[in-house]
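The values are calculated or read from the model by the stated rules, or taken from the named source; none is laboratory data. Computed from a prediction, not measured in an experiment: that's the story for all the values here. With ideal geometry, Cβ positions are generated from the backbone for all residues, glycine too; neighbour counts draw on all protein chains shown. Quick note on the areas: whole protein, heavy atoms, side chains included, nothing else; ligands and nucleic acids left out. Shrake-Rupley method; radii C 1.70, N 1.55, O 1.52, S 1.80 Å.
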Amino acid sequence: MPLILLGPAPLGLRTMYPRLVARAQHSAAEGFATATIELPGSGDRPRWPAAEQARADLRRAVEAGETVSDEIVDAFILPLVEKAVPEWQAALDALLSLPEIGGPVGYSGGVISIGVRLAVVEPRIVAAGLFAGSFVPRAMFEEARQVTIPLHVLLQWDDEGNDRQAALDLFDAFSSKEKSLHANMGGHTEVPQFAGDAAAQFFTRHLK
């Protein structure tokens, strides 16, 4: 059956488990296998001091209502992308070796910069549903111009921890011939139920 890689937020799978299970069950009902992995530095995995400091700096700036600097975003997101993407590829190797899973493969949600990098370097991923809900390093905009697979991008218009204009600029940078932006009112965790239905229809079109 087709496979969807479920990208988690860097909060640890234990924290994200109920939401990930709900997404997996929704996908299973549509005939997709799903899998996820614990991101580097999350959950019970070893921490690395530089990323922990960047995470603390980012949280402090957001809570104080300050503009998050490019330096903080780069220090937090770029090492995460560098570490996580090879692990996703290794997981994909293992998953596609299972007799029940034949592909094609999609990527859904999670840290948008990880999704961008995977869309550029991993040819087995043929479509991606991205959530514009995380900070994006400036360097990722250049990578976005190399993305050509079909994209379904979700944006919460009032996301308190996200730069809306940066999300719109990133969407504009994608070179995909088929890309759609789905913007809904509400904050980061107020994604409407029907948004999941629209994402499922997207994956059904491109993975089946």
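Please go through segment 172-197 and pick out each residue that is closer than 23 Å to residue 141 by Cα and either open to solvent by 100 Å² or more (accessible area, probe 1.4 Å) or in contact with a Gly (Cβ under 7 Å, 6 or more places away or on another chain) (or both).
The answer is 172, 177, 188.
Give me the strands (runs of 3 or more DSSP E) completely within segment 97-208, filtered to those with at least 2 residues that are over 19 Å from residue 84 (Cβ atoms) and touching a residue at least 40 places away in the same chain (Cβ under 8 Å), ordered by residue number.
Values: elements: 105-109, 125-131, 151-156, 179-184.
Per the criteria, 125-131, 151-156.
Please work out if residue 183 is in contact with a strand residue (DSSP E or B) (Cβ under 7 Å, 6 or more places away or on another chain) and either under 21 Å from residue 116 (Cβ atoms) or polar (S, T, N, Q) (or both). So that I can check it myself, show each step before the final result.
Working: in contact with a strand residue (DSSP E or B) (Cβ under 7 Å, 6 or more places away or on another chain): yes; either under 21 Å from residue 116 (Cβ atoms) or polar (S, T, N, Q) (or both): yes.
Yes.
So residue 94 passes all but one of these: (1) more than 25 Å from residue 76 (Cα to Cα); (2) among the hydrophobic types (A, V, I, L, M, F, W, C); (3) in contact (Cβ under 8 Å) with a residue 60 or more places away in the chain; (4) assigned to a helix (DSSP H, G or I). Which condition number does it fail?
Of the numbered conditions (1) more than 25 Å from residue 76 (Cα to Cα); (2) among the hydrophobic types (A, V, I, L, M, F, W, C); (3) in contact (Cβ under 8 Å) with a residue 60 or more places away in the chain; (4) assigned to a helix (DSSP H, G or I), the odd one out for residue 94 is (3).
Here are the criteria: (1) at pLDDT 95 or above; (2) buried (at least 22 other Cβ atoms within 10 Å of the Cβ); (3) over 25 Å from residue 32 (Cα atoms); (4) not polar (S, T, N, Q). Tell me which single one residue 119 does not satisfy.
Result: residue 119 passes all but (3).
Considering each of 127, 139 in turn, give the residue that is modelled with pLDDT of 90 or more, among the small types (Gly, Ala, Ser) and out of contact with any Pro (no Cβ under 6 Å at 6 or more places or on another chain).
Selected residue: 139, the only one of 127, 139 that is modelled with pLDDT of 90 or more, among the small types (Gly, Ala, Ser) and out of contact with any Pro (no Cβ under 6 Å at 6 or more places or on another chain).
Give the residue that is surrounded by the most Cβ atoms within 10 Å (Cβ to Cβ), with candidates limited to residues of segment 123-136 that are touching a strand residue (DSSP E or B) at 6+ places or on another chain (Cβ under 8 Å) and over 18 Å from residue 182 (Cβ atoms).
Ranking the qualifying residues of segment 123-136, first place goes to 125.
Just to be sure, is residue 105 within 25 Å of residue 74 (Cβ to Cβ), among the hydrophobic types (A, V, I, L, M, F, W, C) and over 14 Å from the mean Cα position of the chain (by Cα)?
Judged against the criteria, residue 105 is not a match.
Of 84, 51, 90, which residue is within 18 Å of residue 131 (Cβ to Cβ) and within 20 Å of the chain's Cα centre (by Cα)?
Checking each option against the conditions leaves just 84.
Within segment 8-17, does at least one residue satisfy the condition of being out of contact with any His (no Cβ under 6 Å at 6 or more places or on another chain), within 17 Å of residue 113 (Cβ to Cβ), at pLDDT below 95 and buried (at least 20 other Cβ atoms within 10 Å of the Cβ)?
Checked segment 8-17: at least one residue is out of contact with any His (no Cβ under 6 Å at 6 or more places or on another chain), within 17 Å of residue 113 (Cβ to Cβ), at pLDDT below 95 and buried (at least 20 other Cβ atoms within 10 Å of the Cβ).
Got a sec? Which of 20, 58, 3, 39 is within 18 Å of residue 195 (Cα to Cα) and crowded, with 17+ Cβ neighbours inside 10 Å?
Selected residue: 20, the only one of 20, 58, 3, 39 that is within 18 Å of residue 195 (Cα to Cα) and crowded, with 17+ Cβ neighbours inside 10 Å.
Of the residues in segment 52-70, how many are touching a helix residue (DSSP H, G or I) at 6+ places or on another chain (Cβ under 6 Å) and part of a loop (DSSP other than H, G, I, E, B)?
1
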